[in-house]
1. Net charge within 14 Å of Val255 by Cβ-Cβ distance, Lys/Arg positive one each and Asp/Glu negative one each, not counting Val255 itself?
2. For the stretch 147-237, which trypsin sites (Lys or Arg not before Pro) pass both filters: DSSP loop (anything but H, G, I, E, B) and at most 14 other C-beta atoms within 10 Å?
3. Work the Kirkwood hydrodynamic radius out for the stretch 136-197: mean of 1/r over every pair of different alpha-carbon atoms, inverted, in Å.
4. Can you give the Rg to Rh ratio for the stretch 58-261, taking only C-alpha atoms and Rh from Kirkwood?
5. For the cross-link pairs Lys188/Lys209; Lys91/Lys189; Lys59/Lys189; Lys150/Lys209, which exceed 19 Å when the distance is taken from alpha carbon to alpha carbon?
6. What is the stretch 120-163 by shape, rounded, prolate or oblate, if you read a ≥ b ≥ c off the alpha carbon gyration tensor as root eigenvalues and call it rounded for a/c under 1.5, prolate for a/b larger than b/c, and oblate otherwise?
7. Within a Cβ distance under 15 Å of Ser165, other residues only, what is the Lys/Arg minus Asp/Glu net charge?
Amino acid sequence: RITGHYNINAITTTKHLSYTGTTCIMEITTVSLLVICSPLCMAIYTSNYIHPDAGISSKEIIQKYGYPLEVHTIETEDGYLLETYRIPYGKHNLTSKSQLPVLLVPGLVCTSLIYLNLGPGLSLGFMLADEGYDVWLANTRGTRWSKRHKFLDAVQNEKEFFDYSFHEVGIYDITANIDYILKRTNFKKLFYVGHSQGTTSFFAMAATKPQYNDRIILMIALAPVAYVFNVQNPVVTFVKHHLPEIQKLAEKNRVYELASYSPPLASLGSLLCNDYAVTQIFCASIFYFFGGYSPHFNTVTIDA
């Protein structure tokens, strides 16, 4: 009887523990889902506050704000077909005659949109056009609007297509843009504005093809990069110390394109990073992690 009594209690206790354990797991799961879903639900709730220019292309934003637009395809010496946009004059100007050309070149994995996405009055591309300059916006090889080549396909020949660095951008892409613009406008010189890698590539061009120095009125370097030895950013530090291993890993997994544009990911970013989303701080933290903290970071347009 004693044995039976204990067996019954053991069964009851086991059932109770099983029920308690299941309940505990359910509670943990529920809490976890709430933690994960609450910010997402809040983000969906604030989706009406997504920046009106979020997800817009360079061509679309130029046309949206009533500026003249020209689309030019420029072929490089090594066969890449680059899409360069031109704002020949400002919205309120009536002519493009005798306006000095300005070439704007973006940084690593960026496009011409970085000179436009804050809109008129704040973006350099629009401001220069309104000040009377003939604005040319470059999209370097491999970026969103310059993924074409005379002989290579960016998907089928991915390894060969993306086999380049800032050096090739300088000696091929920038020179091709300069030659094309000067021929098109009948000017002998132009202004050059580069950001980040757009400055590094210019330095490579100026050093290896010095004849192009005579075709530049003024070069303006925004966040110029020449060396990375003293950079304190943890990502850059890690990459420069482990570059051979990273290259081998990328080669093994057939990863050749860096930071490819993804429409679904861009839409998710707009949802989670808009100015009213509680998750925006995480989006800003990603920028801080890669580029360093700045109290002047404009979070209002982070989703754009």
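1. Cβ neighbours under 14 Å give a net charge of -1.
2. Counting only loop positions with at most 14 other Cβ atoms within 10 Å, the trypsin sites (Lys or Arg not before Pro) in the stretch 147-237 are Lys150, Lys188, Lys189.
3. 13.1 Å
4. 0.98
5. Lys91/Lys189; Lys59/Lys189; Lys150/Lys209
6. prolate
7. With Lys, Arg at +1 and Asp, Glu at -1, the neighbours total -3.
Just so you know, all these numbers are worked out from the coordinates, no wet-lab data involved. All figures in this text were calculated on a predicted structure; none of them were measured in a lab. Note that each Cβ is placed from the backbone with ideal geometry, even for glycine, and that neighbours are counted across all protein chains shown.
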